[in-house]
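The values are calculated or read from the model by the stated rules, or taken from the named source; none is laboratory data. All values derive from a computational prediction rather than experimental measurement. A quick note on method: Cβ atoms are made from the backbone with ideal geometry, for glycine too, and the neighbour counts reach across all protein chains shown.
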Amino acid sequence: MSAIVVTKENFEEIKNSEKTVLLDFYADWCGPCRMVAPIVAQIAEECPQYTVGKINVDDQPELAQQFGVVSIPTLVVMKGGEVVTQSAGARPKAQILAMLEG
Amino acid sequence: MSRIYDTVVIGGGPAGYTAALYAARARLSVLVLERMAAGGQMTLTGEIENYPGIASIDGFTLGMQMQERAEHFGAVTEYTEVTAVDLAADPKRIDTWSGEFYGKTVIIATGADPRRLGLAEEEDLVGRGVHYCAHCDGRFYKDKTVLLVGGGNSAAADALYLSRVVRKVILVHRRDTLRATKIYHEPLMQAENVEFCWNSRVAQILSDKTVTGAILENTQTGEQTEVACDGVFISIGRQPATAFLQGQVALDDAGYIVAGETTETNVPGVFAAGDVRTKSLRQVVTAAADGAVAADMAEKYL
């Protein structure tokens, strides 16, 4: 499936997913975000074992603030409702997969 | 799938995809190895207004279009990171996360990355107040004060951009005047929310979870002063992405591949195109020009 559009309305549900969660904080106007977007989309398609969500920081400033996001893209891995890894900047696919597996 | 190509291009920025375009149109088999996505450094640029014939375009879109055109003529892209090369081998071997690839010729177009200040705390604070892309992250500092480190063209452009989106910009530069071309000076000097700290370098970035300030050192007197700020934007130039080439091809002291306008390196059949090469002007258009030359040289070599 494709990456879920995360809003403050569905965030609790995503966060408490039984699967490991990958969140991609992005904005439409940010070049590196647009680099990482297709990679995140691929992971969503190819890896049903993960819940993959994307969060537009312009539309969801509260969520961005909640995670202390000041750089985009920011990629967050959550397990059991807790943040395991949070990393700023675009990453190649292999590195994102390693974050999810780690 | 055969993993031997006439030309393997390392890096998918304007140099790489122009090389791929020209090589593919010359009927060579071409593989582009790209770490993340097409475009390279220009994806960080919101607006490119000096690419001939195009009024204005964002770097990401231009990168995608260059890739699309090269692939239209038969170039193939593999998204992977190069870990090591053996350029003396025949064919030349390129090790990547997705296995080995071979090229009868290799065009290196890996470009450059933002240069770090080199402070111990710097890497750890990336994403928590230390930034290398003003256009990406400036907007998060709307009502805040930020430091902008640097004095060249990119720094001046970044400072000007930041002055429009943040409350206050403190420009820190190690000289007593900007190195940037004159076109930037006046608007910067006129911006009411830009303060200048001349003859200064950042000695330390202060943080409490996120950045809270910095200690500046006067380059003349050595005197240290503390300034409060919420973010530090670093714009002190680029460093070439050539770490994986150590011992394989001649590099200059700054790490750039030694190659002239023909793009030929000291290794036969290996060419260097774009920002990664020793050259005087690093622009999208000069990178593209290098790509065309490199592809032509590769064709002649074959």
Using beta carbons and a limit of 9 Å, which pairs, at least six apart or on different chains, have the first residue in the stretch A:6-25 and more than 20 Å from residue A:87 (Cβ to Cβ) and the second one modelled with pLDDT under 95 and assigned to a strand (DSSP E or B)?
none
Is it fair to say residue B:58 is at pLDDT below 95, surrounded by 17 or more Cβ atoms within 10 Å (Cβ to Cβ) and in contact with a strand residue (DSSP E or B) (Cβ under 9 Å, 6 or more places away or on another chain)?
yes
Wholly enclosed strands (runs of 3 or more DSSP E) of the stretch B:1-107 bearing at least 2 residues in contact with a helix residue (DSSP H, G or I) (Cβ under 8 Å, 6 or more places away or on another chain)
B:4-10, B:30-34, B:76-79, B:82-86
Criterion violated by residue B:108 - all others in (1) without any contact (Cβ under 8 Å) to a residue 40 or more places away in the chain; (2) crowded, with 18+ Cβ neighbours inside 10 Å; (3) under 30 Å from residue B:20 (Cβ atoms) satisfied:
(1)
Sort through A:9, A:13, A:45, A:18 and tell me the only one that's in a helix (DSSP H, G or I) and more than 23 Å from residue B:79 (Cα to Cα).
A:13
For residues in the stretch B:170-200 being assigned to a loop (DSSP other than H, G, I, E, B) and of a type in the set (Lys, Arg), which is nearest to residue B:212 (Cα to Cα)?
B:174
Could you tell me which numbered condition residue B:31 fails, if it satisfies all but one of (1) touching a strand residue (DSSP E or B) at 6+ places or on another chain (Cβ under 6 Å); (2) facing chain A (nearest Cβ under 10 Å)?
(2)
Output yes when any residue across the stretch A:68-82 is out of contact with any Ser or Thr (no Cβ under 8 Å at 6 or more places or on another chain) and assigned to a helix (DSSP H, G or I), and no when none is.
no
Positions within the stretch A:76-100 being away from chain B (no Cβ under 13 Å) and surrounded by fewer than 17 Cβ atoms within 10 Å (Cβ to Cβ), in sequence order:
A:79, A:80, A:81, A:82, A:84
Inspect the stretch B:45-63 for any residue being charged (D, E, K, R), over 28 Å from residue A:96 (Cα atoms) and within 14 Å of chain A (Cβ to nearest Cβ) and give the result as yes or no.
yes
Considering the stretch B:129-154 alone, what residues qualify as being under 17 Å from residue B:43 (Cα atoms) and more than 8 Å from chain A (Cβ to nearest Cβ)?
B:132, B:134, B:138, B:154
Taking the residues in the stretch A:26-43 that are among the hydrophobic types (A, V, I, L, M, F, W, C) and over 16 Å from residue B:140 (Cβ atoms) as candidates, determine which candidate is nearest to the other protein chains (Cβ to nearest Cβ).
A:35
